[in-house]
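Student: Take a look at the following structure, please.
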Amino acid sequence: MFLETKNINTYYGESHVLRDLSLELERGETVALLGRNGMGKSTTIKSIMGLVTPRSGQITFKGEQIAGQPSYRIARMGIAYVPEERRIFPNLTVLDNMQISIRKNGQATKTAGDMWDLERIYKHFPVLKDRSAQKGAFLSGGEQQMLAIARALMGNPDLLLVDEPTEGLAPIIVKEVRDVLAEISEAGMTILLVEHNLKVALSLADRVYLMGKAKIGFCGTVAELQAAPEIRAEFLEV
Ligand SMILES: Nc1ncnc2c1ncn2[C@@H]1O[C@H](COP(=O)(O)OP(=O)(O)OP(=O)(O)O)[C@@H](O)[C@H]1O
Ligand SMILES: [Mg+2]
């Protein structure tokens, strides 16, 4: 298995936020992690990235145990994280924001056609080429989201963790972000996506995990979820 979390338990202080949470991703898959507010989706992603450390359970990535490792090491092993709040550096230009995350060993393990470099980024994100000399602070929400995704790709990761990429964006921009994620997925990237927009999530995902309180309540293909209105009602509808 490419990525596997097995029975992880994550806490914030005394608050038990993930209970024996298990999920798996195969290389090349796009998997959506969905659920209502506060169920623990972001915490799941942060646990994988090492931003919070599970108290128990295993997380293996490409066969190596990563739970408990610092997040910079997890990043070096090939996992990139696009946080909900995007964290663009406002005083750096678009170009500098991207160049900051070039990962040397990541580039070494890729063949030329597989590499994410500026030329390829600009092909998929033409708006970033137009804006390359502008400071991060002057970008629109959609442009910031594009930049956050592009910056993650510049590290040439093997797995992309993306938390709520379309949150707060106008519908037309939602579609642009969706389309760029579709291109990245089609190019072979493995993606774990947390997304509130069900239509967007189902249009991108191969498989879906639905979270109930602190644990996975459903795992299946998009077609299986589409054929099960009672499951959607239980885990998604408000
Ligand atoms: N830093 C923190 N300290 C304490 N509690 C937290 C912290 N971050 C999240 N929580 C709590 O942990 C639970 C899970 O939060 P998490 O952010 O993982 O949920 P989520 O599924 O991503 O929700 P949303 O859809 O609103 O983004 C929530 O009850 C939340 O209030
Ligand atoms: Mg969240």
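Student: List every residue pair whose Cβ atoms lie under 7 Å apart, where the two residues are 6 or more positions apart in sequence or sit on different chains, the first residue falls within the stretch 20-43 and is under 10 Å from residue 214 (Cβ atoms), and the second residue, located anywhere, is β-branched (Val, Ile, Thr) and not in a loop (DSSP other than H, G, I, E, B).
Tutor: 21/5; 21/8; 21/44; 21/216; 40/17; 43/10; 43/17
Student: Residue 87 is checked against (1) among the basic types (Lys, Arg); (2) modelled with pLDDT of 95 or more; (3) out of contact with any Gly (no Cβ under 7 Å at 6 or more places or on another chain) and fails just one. What number does that condition carry?
Tutor: Only one criterion is unmet by residue 87, namely (2).
Student: Right, here's the next one. For the structure I just gave you, tell me whether residue 39 is within 13 Å of ligand 2 (Cβ to nearest atom) and either out of contact with any Lys or Arg (no Cβ under 6 Å at 6 or more places or on another chain) or assigned to a loop (DSSP other than H, G, I, E, B) (or both).
Tutor: On the way: within 13 Å of ligand 2 (Cβ to nearest atom): yes; either out of contact with any Lys or Arg (no Cβ under 6 Å at 6 or more places or on another chain) or assigned to a loop (DSSP other than H, G, I, E, B) (or both): yes.
Here the answer is yes, as residue 39 does meet what is asked.
Student: Of everything in the stretch 163-173 that's of a type outside the set (Ser, Thr, Tyr), under 24 Å from residue 43 (Cβ atoms) and in a loop (DSSP other than H, G, I, E, B), which residue is farthest from ligand 1 (Cβ to nearest atom)?
Tutor: Residues of the stretch 163-173 that are of a type outside the set (Ser, Thr, Tyr), as a first pass: 163-165, 167-173.
If we keep only those that are under 24 Å from residue 43 (Cβ atoms) too, we end up with 163-165, 167-169.
Right, trim to in a loop (DSSP other than H, G, I, E, B) and you get 164-165, 167-169.
Details: 164: 6, 165: 12, 167: 8, 168: 12, 169: 15 Å.
Within the stretch 163-173, the match that is farthest from ligand 1 (Cβ to nearest atom) is 169.
Student: Can you list the strands (runs of 3 or more DSSP E) lying wholly within the stretch 174-238 that have 2 or more residues being among the β-branched types (Val, Ile, Thr) and under 17 Å from the mean Cα position of the chain (by Cα)?
Tutor: The qualifying strands (runs of 3 or more DSSP E) are 190-194.
Student: Taking only pairs six or more apart or across chains, which ones have beta-carbon atoms under 6 Å, a first residue in the stretch 114-131 that is surrounded by 17 or more Cβ atoms within 10 Å (Cβ to Cβ), and a second residue that is not aromatic (Phe, Trp, Tyr) and not in a helix (DSSP H, G or I)?
Tutor: Between residues of the stretch 114-131 that are surrounded by 17 or more Cβ atoms within 10 Å (Cβ to Cβ) and residues that are not aromatic (Phe, Trp, Tyr) and not in a helix (DSSP H, G or I), the close pairs are 116/156.
The values are calculated or read from the model by the stated rules, or taken from the named source; none is laboratory data. From a predicted model like this one, the values you see are computed outputs, not experimental measurements. Every residue, glycine as well, gets a Cβ built from its backbone with ideal geometry; the counts of neighbours run over all protein chains shown.
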